[in-house]
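Readers should treat all values here as calculations from the given coordinates under stated rules, not as data from a laboratory. Since the model is a prediction, treat every value here as computed from it, not as a measurement. All Cβ positions, glycine included, derive from the backbone under ideal geometry; neighbour counts span all protein chains shown.
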Amino acid sequence: MGYTPKEQRYEEMPYNAVGRSGLKLPAVSLGLWHNFGDSASYDSARELVLGSFDMGVTHFDIANNYGPPHGAAEKTFGRILKEDLSDYRDELIVSSKAGYYMWKGPYGEWGSKKSLVASIDQSLKRTGLEYFDIFYHHRPDSNTPIEETLDALQGIVQSGKALYVGISNYNAEQADAVLTAAKDMKLKILIHQVNYSLFNRDMPEALFPVLEKHGTGAIAFSCLAQGLLSAKYFNGIPADSRAAGASVFLNPESVTAEKVEKSKKLNIIAAERGQTLSQMALAWVMRQNCIASVLVGASKAAQVAENVRFMEKVAFTAEELAAIDEILHA
Ligand code: NDP
């Protein structure tokens, strides 16, 4: 059956400016790293995207290598775009990335101009898009001069293949170097996509002042530590969870007693705030000024519905923050 978006989809979601730019992202964005490959159900992938759009989620994030197999998530998203969202392209911010291993030989990963240009061309074909809104260099590459990677990104913007460009997984020092070099070339690096959560805070917190200095915004990923920052693993590993599945990034061994114990303690603070643990984890990430959006993954539309409601309570008292720190540092 054809899809008609909810009339009221823009009523609840805040949209935040990305750094010093005119682009706004929804407070919650949807990531397609998991649950959009060939082994996932197409109906469920479609429900996730369309359900999210109905909740005001206008930003969908992919990468060349998301699947499995590599490229499959771009194809799945391309089909949803074509069949359901073609009339709404101008309401969407779609991003893709290149830098991790994608194809055989010396050009299938990292940050050479050859690799990045070939990759975006492939990604455009797989999604059926004419352009990406944001295109990222997915990880730093110490074997390619920064200027070459930036030259590739500048060419991608000038040729209209992407409107904005960003970086991901650069540490504070690497980010400072690349943002300084970009400024010299008059290239705007809009955004940094950064792993930031209650369980991973030190490296990103060193990065944020650098981004603010350069006027670059941030979008945070794995804010729920792939589900560990929810109540999901409190009584073992559910059969339908990421840790029980084929993901190499979260397996039963990653669900340690220490993490579950910390999550249980954090959950008590969340409950006192009238939130679920996932909602508090997202609110905690969003207290950083430079973060425009939390980029959340989901296996069910109901999870997105729960997550978007984190906005009902974003402020923390000094006592709550201190209690959280004490749990994290125990
Ligand atoms: P999250 O920490 O958001 O984990 C998502 C998982 O958490 C879901 O698949 C689901 O797991 C579980 N979950 C989500 N909401 C809830 C809820 N309300 N209650 C209980 N469980 C919940 O992040 P991801 O690691 O998936 O990353 C998000 C996105 O970030 C990716 O899709 C990708 O776009 C981007 N990313 C970017 C990277 C980069 O290098 N730039 C690297 C990694 C991710 P379950 O399946 O068990 O239900």
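Between Lys213 and Asp325, what length in nm is gained on full extension when 0.36 nm per residue of separation is reduced by their alpha carbon distance?
The Lys213-Asp325 span can extend by a further 37.7 nm.
For the charge dipole of the chain, defined by +1 on Lys and Arg C-beta atoms and -1 on Asp and Glu C-beta atoms about the Cα centroid, which residue among Ala281, Leu198, Ser95 has the Cα displaced farthest towards the positive pole?
Checking the options against the dipole of the chain, the answer is Ser95.
DSSP loop chymotrypsin sites (Phe, Trp or Tyr not before Pro) in segment 231-310 with at most 14 other Cβ atoms within 10 Å of their Cβ, which ones?
Phe234, Phe249
Would you please give the FRET efficiency between Tyr88 and Ser159, computed as 1/(1 + (r/R0)^6) with r the Cβ-Cβ distance and R0 = 25 Å, to the nearest 0.05?
Using R0 = 25 Å, I get an efficiency of 0.55.
For each of His138, His329, His192, count neighbouring Cβ atoms within 10 Å of the residue's Cβ, then give the residues from fewest to most.
Placing the least packed residue first, the sequence is His329, His138, His192.
List the extent of the Cα atoms of segment 227-330 along each of their three principal axes, largest first, rounded to whole Å.
Answer, in whole Å and largest first: 39, 31, 24 Å.
Given the C-alpha centroids of segment 167-200 and segment 15-77, what is the distance between them in whole angstrom?
Using only Cα atoms, the two centres lie 22 Å from each other.
List the residues whose amide H sits under 5 Å from the amide H of His59, counting only those 5 or more places along or on another chain, with H placed 1.01 Å from N in the peptide plane.
Leu30, Ile93
About its Cα centre, how strong a charge dipole does segment 179-323 have in debye, to the nearest 20, once Lys and Arg get +1 and Asp and Glu get -1 at the Cβ?
For segment 179-323, the charge dipole is close to 300 debye.
Which is farthest toward the positive dipole end of the chain among Ser254, Ile167, Tyr66, measuring Cα position about the Cα centre, with Cβ charges +1 (Lys, Arg) and -1 (Asp, Glu)?
Of the candidates, Tyr66 comes out farthest on the positive side.
Taking 7 Å along the Cα-to-C-beta vector as the label spot, tell me the Asn143-Ser39 distance in nanometres, rounded to one decimal.
2.9 nm
If the cut-off is a Cα-Cα distance under 13 Å, which aspartates and glutamates reach Lys161, setting aside same-chain residues fewer than 8 apart in sequence?
Asp121, Glu130, Asp133
Evaluate the charge dipole of the chain about its Cα centre and quote only its size in Debye, nearest 20, assuming +1 on the Cβ of each Lys and Arg and -1 on the Cβ of each Asp and Glu.
I would put it at about 360 debye.
Report the rotationally averaged projected area of segment 110-229 based on its alpha-carbon convex hull, in square nanometres.
7.7 nm²
Chymotrypsin sites (Phe, Trp or Tyr not before Pro) within segment 2-103: which are DSSP loop residues with at most 11 other Cβ atoms inside 10 Å?
Tyr101
Per the Cauchy relation, a quarter of the hull surface: what is the mean projected area of the convex hull of the alpha carbons in segment 37-164, in nm²?
The directionally averaged projection comes out at 7.6 nm².
Quick check on the chain: of the DSSP beta bridges with both residues there, what percent are antiparallel, nearest 5%?
Restricted to the chain, the bridges split so that about 10 percent are antiparallel.
At a Förster distance of 35 Å, what's the computed FRET efficiency of Ala318 paired with Val260, Cβ-Cβ distance as r, to 0.05?
0.80
Given the rule -39500 (n - 2.57) for each run of at least 4 DSSP H residues, summed and divided by the residues of the chain, what is its mean residue ellipticity at 222 nm, to the nearest 500 deg cm²/dmol?
After summing the helix terms and dividing by residue count, I get -11500 deg cm²/dmol.
Which values, in whole Å and largest first, are the semi-axes of the equivalent ellipsoid of the chain obtained as the square root of 5 times each eigenvalue of the Cα gyration tensor?
Each semi-axis is the square root of five times an eigenvalue, giving 30, 24, 20 Å.
Quick one: which residues, 5 or more positions from Tyr136 or on another chain, have an amide H under 5 Å from its amide H? H modelled 1.01 Å from N in the peptide plane, none for Pro or chain starts.
Close amide H contacts, sequence-distant or interchain: Ser96, Lys97, Ala98, Gly166.
Project the alpha carbons of segment 74-138 onto their principal axes and report the range along each, largest first, in whole Å.
Result for segment 74-138: principal-axis Cα extents of 39, 18, 15 Å.
The chain: longest stretch without exposed trypsin sites (Lys or Arg not before Pro) (DSSP loop, at most 13 other Cβ within 10 Å), sites themselves excluded?
After excluding every exposed loop site, the longest remaining stretch is 187-286.
Please list, in order along segment 176-183, the HN-Hα scalar couplings obtained from phi with the Karplus expression 6.51 cos²θ - 1.76 cosθ + 1.60 (θ = phi - 60°), rounded to whole Hz, x for Gly and Pro.
Working through the residues one at a time gives 4, 5, 6, 6, 5, 5, 5, 4 Hz.
Could you give each residue of segment 90-102 its phi-based ³J(HN,Hα) in whole Hz, using Karplus coefficients 6.51, -1.76, 1.60 with θ = phi - 60°, and x for Gly or Pro?
6, 9, 10, 10, 10, 10, 9, 8, 8, x, 7, 4, 10
I'd like to know which of Pro106, Ala270, Ile324 lies farthest towards the positive end of the charge dipole of the chain, counting +1 on Cβ of Lys and Arg and -1 on Cβ of Asp and Glu.
Pro106
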